[in-house]
1. Out of Val201, Val160, I need the residue that is aliphatic (A, V, I, L, M), under 18 Å from the mean Cα position of the chain (by Cα) and buried (at least 19 other Cβ atoms within 10 Å of the Cβ). Which one?
2. Test Pro199 against the criterion of being of a type outside the set (Ser, Thr, Tyr), in contact with a Phe, Trp or Tyr (Cβ under 6 Å, 6 or more places away or on another chain) and part of a helix (DSSP H, G or I), and give yes or no.
3. For residues that are assigned to a helix (DSSP H, G or I), of a type in the set (Gly, Ala, Ser) and either surrounded by 11 or more Cβ atoms within 10 Å (Cβ to Cβ) or at pLDDT 80 or above (or both), tally how many sit in segment 204-246.
4. Give me a count of the residues in segment 76-133 that are part of a helix (DSSP H, G or I), out of contact with any Ser or Thr (no Cβ under 9 Å at 6 or more places or on another chain) and acidic (Asp, Glu).
5. Out of Val144, Val172, Val156, which single residue is β-branched (Val, Ile, Thr) and farther than 23 Å from Glu60 by Cβ?
6. So in segment 36-64, with the set limited to residues that are over 18 Å from the mean Cα position of the chain (by Cα), of a type in the set (S, T, N, Q) and in a helix (DSSP H, G or I), which one is farthest from Leu152 (Cα to Cα)?
7. Does Arg116 meet the test of being modelled with pLDDT of 90 or more, crowded, with 16+ Cβ neighbours inside 10 Å and not small (Gly, Ala, Ser)?
8. Pairs, please: C-beta under 8 Å, at least 6 apart or cross-chain, first residue of a type in the set (Lys, Arg) and in segment 41-55, second assigned to a helix (DSSP H, G or I) and buried (at least 21 other Cβ atoms within 10 Å of the Cβ)?
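The values are calculated or read from the model by the stated rules, or taken from the named source; none is laboratory data. These numbers come from a predicted model, not from an experiment. Every residue, glycine as well, gets a Cβ built from its backbone with ideal geometry; the counts of neighbours run over all protein chains shown.
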Amino acid sequence: MRQARSAKPARPVRPAPPPRSRRGSQCTAKPERRPQRRSVDTRERLVEAALAVFGDLGFEGASTREIARRAGVALAALPYHFTTKDALWRAAADRIFGELTSRIGKRLDGLDGVDRATQLRLVLREFVRFSAERPALHRFMMQVAFTSSDRLAWLVETHVRPMYDFVNAITVDARRKGLGPAGRPAHLHYILIGAATSPYVMRAEFELLTGSDPCGDALIDEHVATLERMFFPVAPAREQARARRAKR
């Protein structure tokens with residue numbers, strides 16, 4: 001008996017090509033916004049709101065509910081980004097000091113050969129302008145600096161001391177050359193901070209007292225010029241040389 005011939009397997013059916021648009025190219029759907037981007041935006045809003053609330057109310061007075069409200073974020077979303085209020089506080093500190101460090105660093109880039117007095121002037125100018133734009137830094141600091149705490153110790157060692165040491169090194173070097181302001185470095189540090197930031201931290205009082213907005217460009221420039229005359233009564237060598245040539 002002849003054995004039946006085995007049937008060949010059916011050839012797989014090739015899938016139909018995707019439909020083309022009338023323009024002859026495959027339609028491309030508009031990409032949806034990535035969830036990661038939304039998450040980053042939410043975190044940014046929380047940190048910015050936290051900086052303002054901690055500056056207004058201090059750590060103990062600030063509530064996560066108020067921070068979420070100002071950020072326009074559901075309270076339930078906050079633990080996804082920050083497990084504790086302390087973590088959110090530290091993120092706010094990192095944000096504002098990071099901005100300040102970046103601004104001053106960019107201002108001093110490429111000035112290795114410039115005299116120390118000029119470097120100090122540039123740091124002062126940038127610090128004043130930053131203070132006018134971001135008074136939240138000093139409100140935040142004032143709330144935490146009154147009482148010794150673990151948070152203050154962390155803030156000093158992480159952010160305040162590096163900036164203090166950096167400016168102090170420039171000041172000491174300038175003073176050796178007779179160009180920097182005289183005085184104990186710690187005293188100069190706090191005198192400078194108070195003089196540079198008070199009009200912007202107490203903006204409402206300044207406006208009521210003087211009828212002017214301290215954050216106007218003209219007043220900021222005038223404030224910088226006044227501080228330079230106070231802290232640098234001796235002009236840098238370049239300015240002295242220019243003055244001597246003018247007298248000839």
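1. Working: Val160 fails: buried (at least 19 other Cβ atoms within 10 Å of the Cβ).
Answer to the check: Val201.
2. yes
3. Within segment 204-246, residues that are assigned to a helix (DSSP H, G or I), of a type in the set (Gly, Ala, Ser) and either surrounded by 11 or more Cβ atoms within 10 Å (Cβ to Cβ) or at pLDDT 80 or above (or both) number 5.
4. 4
5. Every option except Val172 fails the conditions.
6. By that ranking, first place goes to Gln36.
7. Spelling it out, it is not the case that Arg116 is modelled with pLDDT of 90 or more, crowded, with 16+ Cβ neighbours inside 10 Å and not small (Gly, Ala, Ser).
8. Close Cβ pairs (under 8 Å, with a partner that is assigned to a helix (DSSP H, G or I) and buried (at least 21 other Cβ atoms within 10 Å of the Cβ)) amount to Arg45/Ala71.
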